[in-house]
Amino acid sequence: MATRGRKSNDLASYAEGVGTFLGQVRSRWDQLSKERGHLAKQLRGVVDNAQAMLSEIGEGVQRGSRRGRPATTATKTRRRGRPKGRKMSAAARAKIAAAQRKRWAAQKAGAKKK
């Protein structure tokens, strides 16, 4: 009977320790969140000052501008597939077909020799 009481005491003290630890973690998390917000505010101020200085010397910078190819707009759409207006003549198709039949015949003849 004495071991059962001891186990419940151990469990209670363990739970209390976990609760204390989680409270400390939460406190530290809140502190770091405040610091992060303060740093973000300071960084925005630095960026604004730098943009003001650059605009004074004529090198204006847009906030959020990116390097590289500009993004496509919603009005621009790409067509997929073969471009219209490039049709092959019947004679050209016949020449291509004849050349392919010739390649197939050469391949078949090579297979028979082996």
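Note down all Cβ pairs under 9 Å where the first residue falls in the range 96-114 and is of a type in the set (D, E), the second is outside any helix (DSSP H, G or I), and they're at least six residues apart or on different chains.
none
Would you call G110 exposed (fewer than 10 other Cβ atoms within 10 Å of the Cβ) and either modelled with pLDDT of 75 or more or not small (G, A, S) (or both)?
When the stated conditions are applied, G110 passes them.
The values are calculated or read from the model by the stated rules, or taken from the named source; none is laboratory data. Quantities reported herein were computed from a predicted structural model and do not represent experimental measurements. Every residue, glycine among them, receives a Cβ derived from its backbone with ideal geometry; neighbour counts consider all protein chains shown.
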